[in-house]
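Just so it is clear, none of the values below were taken in a lab; they were calculated from the coordinates. Note that this is a predicted model, so its numbers are computed, not measured. As a convention, Cβ positions derive from the backbone with ideal geometry for all residues, glycine included, and neighbour counts pool all protein chains shown.
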């Protein structure tokens, strides 16, 4: 399984700790949350009922991360 780095507002640290996710805090400007990638559910997936979500927003929703706190997402 691939890993995803979710780069967030550093003020989101308390919530990330509550959620129990691995993270790094390289500097005071950015918090990086480390989670396993999840398979994207497109609009044809039965759970989606024809709705096509942004893949990054869907990932954040899966992990209960506030997308408004996210700077960018990268996989590796």
Listing 39, 15 by rising number of other beta-carbon atoms within 10 angstrom, fewest first, gives 39, 15
Label assignment, volume of the Cα convex hull per residue in Å³ derived from the structure, set (1) 102; (2) 92; (3) 185: (2)
Just want the ordering: 72, 60, 8, from fewest to most Cβ atoms lying within 10 Å of their own Cβ. 72, 60, 8
Selected from 51, 38, 16 as most flexible by GNM, with the chain as the system and alpha-carbon contacts under 10 Å: 51
Of 14, 3, how do they rank once you tally other Cβ atoms within 10 Å and put the fewest first? 14, 3
